[in-house]
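What follows is calculated from the coordinates using simple rules that are stated; it is not laboratory data. Note that the structure is predicted; figures quoted are calculated from it, not measured. Using ideal geometry, Cβ is built from the backbone for each residue, glycine included, and neighbour counts are taken over all protein chains shown.
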Amino acid sequence: MRPCYVIINSVSTMKPTQSTADLVLRMAARGVPVGVIGADGIDIMPDGRLRGRARMATRASSTQKLVEQLRSVAPVPVDLNDAGMVWIRVNPGRGPGTVHAMVLEQLAALEDAGIPVLNSPRGLMLARSKLYLSRLPITARPPTLVTRNAEAARAFVEELAGPAVLKPVIGTRGRDVFVVRGADDPNFNQIVDVIFRSGLAMVQGFVPEARDGDTRVLLLDGRLIERDGQVAAVRRVPSGSDFRSNVHVGGKPAPGKATDAIRALVESVGPKLREDGLFLVGLDVIGNVVVEANVFAAGGFSDAEAFTGVDFLGDVVDAALAKAGY
């Protein structure tokens, strides 16, 4: 059986609680030879083939045991052009941007050689920042401006005539995400200065339903992941002292539902995700709009499975292996 390789930021930062560790565990349990490669562990050889430095996984009883095993073994050289599938699970918001940009270009060449790569490197190049939101149907997202001009940001917030959310176009875990009451907010200039330090700012109209949190909806090939009437969706409820619902800033997970609005939203954005080769995606939904598309390492599976008792991640692994012809 041809091996599968999973590309991550680094084995040293891999955590047992991450969905990526669970994906590797489940593929190994199905008898698939699977190796893990750091984002900086790929070379383009003189003949154009790609060589990686992979830590090969063995079957393990838990993700904790798996991660310990991966860290204990030495990486070995492997020919990625002989892979049965390559799965990209890097997170550009948590590592050197140049490394992540280059690894996508490297793996695009692999995709051109006919190797199944999930998600598509070219789709990920388009979606490696929050700018991807602008490629979705306009009705599927809140009013949004992307700029590096403070006056343009202020003028847009004035047009909104209400509160707005300001955040960097690259980032995770709710870092440097702010809400302002309006263009006359006394902290407006300081907030813009903080965001501009990392590049462009995304300014969005505040969605009132955000006070109740958001819903992480998991999609496979542009469709809701569901089984036996249960959907892979998790509500994230703010702590009360912070408008952000990210778990890393105190938000609490709760059972999610696929409302009629969410189903209509998925129908709206699904074709675009499939067109761009984005096989596994987590949409953050507030009300009836998408506020963020998580296309690299969409999380939320453990909570969705705990609330429903459904093995959603197992379904994802089976679908991916079938797509790659295993």
Against the rule of thumb 2.2 N^0.38 Å, how large the Cα Rg of the chain comes out: 1.01
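So what is the orientation-averaged projected area of the stretch 2-60, using the convex hull of its C-alpha atoms, in nm²? Walk me through the intermediate numbers first.
Numbers: hull surface 17.1 nm².
Average of the hull's projected areas for the stretch 2-60 equals 4.3 nm².
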Non-local Lys pairs in the chain, i.e. 8 or more apart or on different chains, that have alpha carbons under 21 Å apart: 5
Contour excess over end-to-end distance, with Cα ends at R148 and D228 and 0.36 nm allotted per residue: 24.1 nm
Extension gain (nm, one decimal) between V73 and R211, 0.36 nm per residue minus Cα-Cα: 45.0 nm
Cleavage-rule hits (trypsin sites (Lys or Arg not before Pro)) in the stretch 140-178: DSSP loop, at most 16 neighbouring Cβ within 10 angstrom: R148, R173, R175
GNM flexibility winner over the chain from I44, I170, I88 (Cα, springs under 10 Å): I44
Whole-Å semi-axes of the stretch 4-118's equivalent ellipsoid (Cα gyration tensor): 22, 16, 12
Computed over the stretch 95-233, Cα set: Rg, Dmax in Å: 17.9, 55
Rough spin-label spacing in nm, given labels placed 7 Å along Cα→Cβ, for S12 and K252: 3.7
The stretch 20-48-the stretch 156-214 distance, computed between alpha-carbon centres (Å): 38
Most mobile listed residue (M102, M56, M202) in the chain, GNM with C-alpha springs under 10 Å: M102
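Using Cα pairs under 8 angstrom and six or more residues apart, how large is the relative contact order of the chain, in percent? Present the calculation step by step, with values, prior to reporting the outcome.
Working: 654 pairs, mean separation 53.5, N = 326.
Relative contact order comes out at 16 percent.
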